[in-house]
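Trainee: One structure coming up, written as structure tokens, with questions to follow.
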Amino acid sequence: MPTIQFRLNGGAMAVDADPDQTLLDVLRGRLGVTSAHFGCGAGECGACYVMVGDHAMASCDMPLWSVADKDVVTLEGLGTSEQPHMLQRAFIAEQAMQCGYCVAGILVSAAALLKRNPSPTEAEVRAALDRNLCRCGSHNRMVRAVLRAAAEMAAS
């Protein structure tokens, strides 16, 4: 099997795997990175989103070969429990989650948005999170949390 090299959460990674295996399978099954969840398997729900470069992308239908020599960031790469990312702190402050199944993908989508646009409007936040499904109905709180994080990041 070929070795696929990429950067995961800032660290160099070399994986001997079928290059057509999905990134989600490799993250969860081989690398123990569990924040990206399997939801629909068709790239439609956002539960498996990871940041590739500065865009949130579905890892459930992304072949491993497509991330060769690229930067991949999962929720684990955003912050730690000791030093959470500004978005993570804002989500906690706004109580912007319930069951949590979708939250990792939503946080990654929000982080990708703020990386590209540090001062988004509410409409831009809603558009960026539109592809992320939350069955608990927490979207309004999530939008408030992203806007709060953007404001706090701008002030720091």
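Every number here is computed from the coordinates shown, using simple stated rules; none is lab data. Fair warning: this is a prediction, and the values are worked out from it, not measured in the lab. FYI the Cβ positions are ideal-geometry reconstructions off the backbone, even for glycines, and counts take in every protein chain you see.
For every residue, the table says whether it meets (1) among the small types (Gly, Ala, Ser); (2) within 25 Å of Leu31 (Cα to Cα).
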| position | (1), (2) |
| --- | --- |
| Asp71 | no, yes |
| Phe91 | no, no |
| Ala127 | yes, no |
| Val146 | no, no |
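Trainee: Among (1) in a helix (DSSP H, G or I); (2) free of Cβ contacts under 8 Å to residues at least 40 places away in the same chain, there is one condition Ser81 misses while meeting the rest; what is its number?
Mentor: Condition (1) is where Ser81 drops out.
Trainee: Something else about it: Mind telling me which of the residues Leu75, Leu27, Leu23 ends up being surrounded by 16 or more Cβ atoms within 10 Å (Cβ to Cβ) and within 21 Å of Arg141 (Cα to Cα)? I'd like the intermediate steps shown before the answer.
Mentor: Values: Leu27 fails: within 21 Å of Arg141 (Cα to Cα); Leu23 fails: within 21 Å of Arg141 (Cα to Cα).
Answer to the selection: Leu75.
Trainee: Picking from Asp61, Asp69, which residue would you name as being assigned to a loop (DSSP other than H, G, I, E, B), under 15 Å from the mean Cα position of the chain (by Cα) and of a type outside the set (Gly, Ala, Ser)? Step through it out loud before you land on a result.
Mentor: Details: Asp69 fails: under 15 Å from the mean Cα position of the chain (by Cα).
Matching residue, one of Asp61, Asp69: Asp61.
Trainee: Could you run through segment 34-70 and say how many residues are closer than 22 Å to Asp16 by Cβ, touching a residue at least 60 places away in the same chain (Cβ under 8 Å) and buried (at least 16 other Cβ atoms within 10 Å of the Cβ)?
Mentor: Residues flagged as closer than 22 Å to Asp16 by Cβ, touching a residue at least 60 places away in the same chain (Cβ under 8 Å) and buried (at least 16 other Cβ atoms within 10 Å of the Cβ) within segment 34-70 amount to 3.
Trainee: Further question: Residues that are closer than 30 Å to Glu152 by Cβ, of a type in the set (S, T, N, Q) and in contact with a strand residue (DSSP E or B) (Cβ under 8 Å, 6 or more places away or on another chain): does segment 22-29 have at least one? Working first, answer last.
Mentor: At the first step, the residues of segment 22-29 found to be closer than 30 Å to Glu152 by Cβ are 27.
Checking the rest, the ones that are also of a type in the set (S, T, N, Q) come to none.
Checked segment 22-29: no residue is closer than 30 Å to Glu152 by Cβ, of a type in the set (S, T, N, Q) and in contact with a strand residue (DSSP E or B) (Cβ under 8 Å, 6 or more places away or on another chain).
Trainee: Which one of Glu152, Glu124 is surrounded by 14 or more Cβ atoms within 10 Å (Cβ to Cβ), without any contact (Cβ under 8 Å) to a residue 12 or more places away in the chain and either touching a Pro at 6+ places or on another chain (Cβ under 6 Å) or assigned to a helix (DSSP H, G or I) (or both)?
Mentor: Glu124 is the lone residue from the list that is surrounded by 14 or more Cβ atoms within 10 Å (Cβ to Cβ), without any contact (Cβ under 8 Å) to a residue 12 or more places away in the chain and either touching a Pro at 6+ places or on another chain (Cβ under 6 Å) or assigned to a helix (DSSP H, G or I) (or both).
Trainee: Would you tally the residues in segment 127-149 being touching a residue at least 60 places away in the same chain (Cβ under 8 Å) and touching a Phe, Trp or Tyr at 6+ places or on another chain (Cβ under 9 Å)?
Mentor: Number satisfying all stated conditions: 3.
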